[in-house]
Amino acid sequence: MRVVRYIGKRMLFIGPQLFGIILVSFFLVKLIPGDPAVMMLGPLATEATLTELRNEMGLNLSLVEQFYIYIKNLVLHGDLGRSWQTTRPVTEDLFLRMPATLELITLGLILGLLIGVPLGVGAAYLKRGILAKFSDYYGLLAGALPDFWLALVLIFFFYTILGWVPPPLGRLDFFTIAPPTVTGALLIDSLLDGNWAALGSAAGHLILPVVTLGLISGGPILKMTQSTMDRMLESDYSRYEEMCGLPKSIIIRHALRNSLPSVVTIVSVLYGFLIGGAVLVEIVFSWGGAGQYAVQGVLNADINPVLGFVFFAAVLSLIIYLIVDLIYFAIDPRVRG
Amino acid sequence: MAENSAAGTILNIEGLNVSYPVYETDPVRALRGIDLKVREGEIIGLVGESGSGKTTLARSIMQLISRPGRVDSGRIEYDGRDLATLGEEELRALRGNDIAMVIPNPRTELNPLVTVGMQIANVARYHLSLPRKEAKKMAMAMLEAVQIPDPTRRFKAYPHELSGGMAQRVVMAIALICSPRFIISDDATSGLDVTVQTQVLELLQDLVQQQGASMLFITRDIGITAHYCHQVAIIYAGEIVELASTQNFFDNPQHPYSVMLLSAFSHNPKLRGLWTKVVDAALEGAAESGCYFAARCVRASDKCRAEHPDMREMTDAHSVRCHHPVER
Amino acid sequence: MSNISAGHHPRTTSERVQAFLRALRYLLDVLRARPLFAVGYGIVVGVVVLAIFAPLIAPYPPETANPVDFLQPPSWRHLLGTDATGMDIFTRIIYAPRIDLTIAIAGTAISAIVGSLIGATVGYYQEVGGVPSFFSGFVMRSADVLQAFPVFVFAIALVAIFGQSLQSIIAAIAFLNIPIYLRLMRSQVMSIRRMRFVEASYVAGTPDRYIILRHVIPNSMAPVLAQLSVNIGWSVLLTAGLSFVGAGVVAPTPEWGSMIAMGFQNIITGQWWPSVFPGIALAVTVFGFALVGASIEVLADPARRRAMAGTMRQRRTKEA
Amino acid sequence: MSVVLSVQNLVQHFPIAGSRSVVQAVNNVSFTVARGETLSLVGESGSGKTTVGRCILGLIDPTGGDISFHGEKIGKKHNVRSRGLRGKIQLVFQEPAESLDPRIRIGVTIGEPLRSLGEKREDRNKRVREIARRVGLSEDALYQYPAELSAGQQQRVGIARAIITDPELIVLDEPTSALDPTARAEIIDLLIRLQKELNTAYLFISHDLSTVRYLSHRVAVMYLGMIVEQGSAQDIFSRPRHPYSIGLLSSVLLPNPNLERRSEVSLQGEIPSPIDLPEGCYLASRCPFVEAECNARMPDADDIGGGHLVHCFKHRNVIDEEKATLDYFERFQEEAEKLLISGH
């Protein structure tokens, strides 16, 4: 079937693209100044112990040899090396932290969709109404707000003044016992485990960060929905449906269905961006997500976490783009060919 | 106009003026006092060049003038009711049901994501409030009526998979499924190849006459009206300048613009020289007073430039809007 | 039908002046028809003017700490209050655009120029086959690789490598934005390359250089310009983010991101102004640039310009 | 008359992305165009006539066959853009608005082809004014932008740009079908007049038969990438031999109700897809005269005198059936003249 051949072709591309990303990021990240050995043993360590540690970590080899070892470990054992900050294998760290980031982004984008799509459709349909005016302002404003600043403002109102929300310190209260990690997403794990206390606490901590991401991502989603719906409602076929006397609700439904591909595209672009882009919100809410882990890696010249994060992020982005293509396949017969 | 014989008048347009506001200058007057009567079962050809207002007229009948155009004055009476007084719901019930439109480039005007069969069925479903299965059966019957090759397979096809001719037949199926009493064909065959065009025109004429419907056939190609219309109306700069039965019109065209149009089709340089005045395009139709065609007319006199001519009935079923019509 | 703007085109100086006045009046009408655009131009001009004349307007020196009155709430002496080190927030806010806007505009300009040129050449030679199309394929694949990178982490890495100087942040932002313009210009050029008037020039033997510079690039400028102003806004946000994480502009240089970061601890204990005011200034500036981008998009697209003209005409008849 | 352009067995197949099948757009087309002569390629959409034009102009690299200009082969390396040939072959498009750069004034557009011939600025401007006058454009128009002109005027600019380099051959790709009837007639008169004055060869591509009738010296009827019949305009329009030509001519609607061109040859059904073309004659599935031989192999050209070539086994039977071989276009013009002259 054409779909299978299409996916096959895309899978073929994923391999080389991933290799390209790892290649570029490896040689780029290696340029980050700062000597890990000194970082680990502190400034007082003698030169001998430092060189001995460097040899142990293979830093004395040429970059190409280091790259060869890195790739061999990754492909054969799925080992992304060890982080000197957490002293644990990077793969383990990421499997712990990435779900936190993904849970946050996924819920944030869902909220963004709930805000953006209905508002966009409404604004496109009631052209002159106040809704159209409001969504114009909101679309532009949401794109202009710095997400870390909005997080601070929300914390100030809902925590410092109103106290409706738990303090912005991580994903769970100290005294709540975390559910056994199955998916890594606290809401799901606590549901699976039936641990209602953890569920309540996790949900409480999620509110502000998800609202931050939702309000921010709602902007571009709204703008894309509104502009595409506008174009679709002005299109020849919508006009012809009007001429055939089809009820307004049907015309809108058809226009929306034709606008879905572009909404799906913007959501996939946002999702790819937020994997690395939500790090500021993570820092404000000390979320302990993967982004934060990578940023710490860069700031402290801890190479392996950065490379590991880039690899994970790249794999996720490529998977997302594949899903988007499949959705295109389902919606648009022209793509099916 | 000859008093209408047995058949009643289904559409009566009186003094219709439509204009589009334009920045910095006066609004562009697309229609400047259209008077047109269409009797039941009659096919009337409306011939005009681009910018003459023929598409605006089609959309005015459907009360769907594209923004920012607006109706300045005049009445459109359909089946005895003034369309301007009807509410949005009543108009919606008419469009596609009683008044249907056949459009020129169907492949861009059909919904790309819905199968062709369903698009035909949808019109029947909503106007005749039929259950889904019933509407699909009717749509299939319609596909066979428009002689689409292999209708069962085409039913599930998408618009981009159809050839020009097939897409045109689908649009005709959509227009005729609710057996409308009045059909507007807005240059419906302009996108087609010559051989396919003849097949589609034959089919359109048969189906319209089978249902006893009447049709306003809008086109740039005067040749078509000679073979497929009962009446011919020539429209220039937003007003009808000549109206006659087809035989009368082609035997004795009287308005200088009609003759100029026919001479253009004859590709005879000598003939065209007689009836065409070389003029700077900028002045075309710009005259507000007097006859709008005066600037390009070889027979224009001072009277033409001063006084705007009215439609005058010359002989039975033949009227002209000109101070010096061509006599033979 | 009559062609609406008949009459010949300005050649003598007096006619050129008239044409200029007419264009000015048209712009004023546009701004009246869409107040949102007027707001946009107002903000951008305001921020730039404030930044240039900051030394004259600002009541206090921007970078000297004054521990005596630290964390003062907004008052007549300190319009927007002071931060933890006692520096006047209003002063630093109007000085900040000097850094933020310079970085954003320089970075975006470089990426727009470099990205557009590469994009135009790649787009033009993509279908020519042979070595050029291999080269374009290679460029596009590397653009894909760059864009698969998590943007923010990549920015921090670049700054860490090049050092935290102004130039290195500008370089990082430029490098990040190049793929956007490259992709935008390439798709524009590939569609325009197939236009009839380009084919006519090609057949007439007109050299490629002339076709690219005279036909292809001018016709693809509109979307690039609209993207430019949106991109400047986005770069300001990125610069602020970098400073917030401590990877961008280093304190005490006045910069919105680092100001918000400095006020971060105080917010939990109730002093909101050190973080909130710089954030508002930043958001308003980015909002202004987004509006300018939106206006360029509308003015550059003839169809939407005509639609707007219709509404302006009605407004004018109501007044007359 | 010296041959300006000669096309021998031109073949052009477009591969379809992602599948092994191929669109057979042009199959074995051969014709010649002499100096000052107009050859029309007539056919419906998908007949390959535009593709032939684009191959000649070097916009497409043909799969097979060769094209020579004044006996000199042109193709991949040596084409319309190389030094010797530059400006010798020019092009006029169907959509007037699309053929002009919206951001450049008319005068500059017309003068552009001279730029590649290294003409100095003063000569260029003088030549532009002269050519503008010749095609009936006002001095003012030179300073206007394309959007401010009518479709007819825009097409005149396209023609001016084409003739400014004094080409020997102009490929006109449906130059009149987008125009209104009155504007179309003006452009046709202009083209005929220019050909008489400049002795330029025209390759006129169109599906508008009435225009082709009065503009062309010779006509080639194309169907599914093949020339099915070729000959003088007079022969083709009055004594068509190939069933497809007859079917094509009988579907033209002339503005005269009494001229009903009913003919026995009526082509039913749809045009087959150019992807998997049948073995024998491509018209077999739609032709009333079809026989076993037609389905077996492709008929080769029969010369029935005066360069009138027909690709059909049964063309002799076709003539017996087709009694009325009256040239309806000629008849229409005579009647139109009688009618429209009276009362002038």
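Regarding the stretch B:111-175, what's the average projected area of the Cα-atom convex hull, expressed in nm²?
Details: hull surface 15.5 nm².
Mean orientational projected area (the stretch B:111-175, Cα hull): 3.9 nm².
Kindly identify chain D as rounded, prolate or oblate by the Cα gyration tensor criterion: order the square roots of the eigenvalues as a ≥ b ≥ c, call it rounded if a/c is under 1.5, otherwise compare a/b with b/c, prolate if a/b is larger, else oblate.
Oblate.
Tell me, what are the semi-axes, in whole angstrom and largest first, of the equivalent ellipsoid of the protein assembly as shown as set by the roots of 5 times the Cα gyration tensor eigenvalues?
Those come to 64, 37, 33 Å.
Where in chain C are the helices, taken as whole DSSP H runs, whose Cα atoms extend 20 angstrom or more along the long axis and whose Kyte-Doolittle mean reaches at least -0.5? Don't skip to the answer; put the middle values down first.
On the way: long enough: C:13-33 (30 Å, 0.20); C:35-52 (26 Å, 2.45); C:89-125 (53 Å, 1.25); C:131-148 (26 Å, 0.80); C:166-193 (39 Å, 1.04); C:217-245 (41 Å, 1.23); C:273-300 (40 Å, 1.70); C:302-319 (25 Å, -1.78).
Once both thresholds are applied, what remains is C:13-33, C:35-52, C:89-125, C:131-148, C:166-193, C:217-245, C:273-300.
Local charge sum around C:I93 (other residues, Cβ-Cβ under 14 Å, Lys/Arg +1, Asp/Glu -1)?
Working: positive: C:R92, C:R98; negative: C:E63, C:D83, C:D88, C:D100, C:E255.
Residues close to C:I93 contribute a combined charge of -3.
Out of all DSSP beta bridges with both ends in chain D, state the antiparallel percent to the nearest 5. List each step's numbers first, then the result.
Details: 27 of 45 bridges.
Rounded to the nearest five, the antiparallel share is 60 percent.
Helix B:132-145: angle to the longest alpha-carbon principal axis of chain B, degrees 0 to 90, nearest 10?
Rounded to the nearest ten degrees, it is 50.
Summing -39500 (n - 2.57) over the DSSP H runs of n ≥ 4 in the protein assembly as shown and dividing by its residue number, what mean residue ellipticity at 222 nm do you reach, to the nearest 500 deg cm²/dmol?
Details: 52 runs with 706 residues, N = 1329.
After summing the helix terms and dividing by the residues of the protein assembly as shown, the value is -17000 deg cm²/dmol.
For B:R81, what is the net charge nearby, where nearby means another residue's Cβ is under 11 Å from its Cβ and Lys, Arg count +1, Asp, Glu -1?
Numbers: positive: B:R75; negative: B:E77, B:D79, B:D82, B:E90, B:D98.
Charge balance near B:R81 sits at -4.
Let me know the shape class of chain C, please: from the alpha-carbon gyration tensor, a ≥ b ≥ c as square roots of the eigenvalues, rounded when a/c is under 1.5, otherwise prolate if a/b is greater than b/c, or oblate.
Details: a/c = 2.90, a/b = 1.41, b/c = 2.06.
The shape class here is oblate.
Quick one: work out the % antiparallel among DSSP beta bridges in the protein assembly as shown, nearest 5.
Values: 59 of 96 bridges.
Approximately 60 percent, going by the DSSP bridge assignments.
Could you tell me, in Å, what Rg and Dmax come out for the Cα atoms of the stretch D:102-166?
10.7, 31
Using alpha-carbon positions, what is the distance between the centroids of the stretch D:174-190 and the stretch D:28-96, in Å?
22
What net charge is computed for the residues neighbouring A:L119, neighbours being all others with C-beta under 15 Å from the C-beta of A:L119, Lys and Arg scored +1, Asp and Glu -1? Intermediate values should be presented prior to the final figure.
Working: positive: A:K127, A:K133, A:K223; negative: A:D136, A:D230.
Result for the local shell: +1.
Using the Cα gyration tensor of the stretch A:247-337, with a ≥ b ≥ c the square roots of its eigenvalues, what is the shape: rounded (a/c below 1.5), prolate (a/b larger than b/c) or oblate (neither)?
On the way: a/c = 5.86, a/b = 2.30, b/c = 2.55.
In terms of gyration-tensor shape, oblate.
If you average the alpha carbon positions of the stretch A:57-122 and of the stretch B:30-54, how far apart do those two centres end up, in angstrom?
68
Nearest 10 degrees is fine. How inclined is helix B:194-210 to the longest principal axis of chain B, computing both from alpha carbons?
Tilt of helix B:194-210: around 80 degrees.
So how tilted is helix A:2-29 from the main axis of chain A? Cα-based, degrees 0 to 90, rounded to 10.
On a 0 to 90 degree scale, this one is about 40.
What is the gain in length, in nm to one decimal, between C:L27 and C:Q164 on full extension, counting 0.36 nm per residue of separation less the C-alpha to C-alpha distance?
Details: separation 137, 0.36 × 137 = 49.32 nm, distance 4.19 nm.
Length difference between fully extended and current span is 45.1 nm.
Values in this text are rule-based calculations from the coordinates and carry no lab data. Values in this document were obtained by computation on a predicted structure and should not be read as measured data. Cβ atoms come from the backbone with ideal geometry, glycine included; neighbour counts cover every protein chain shown.
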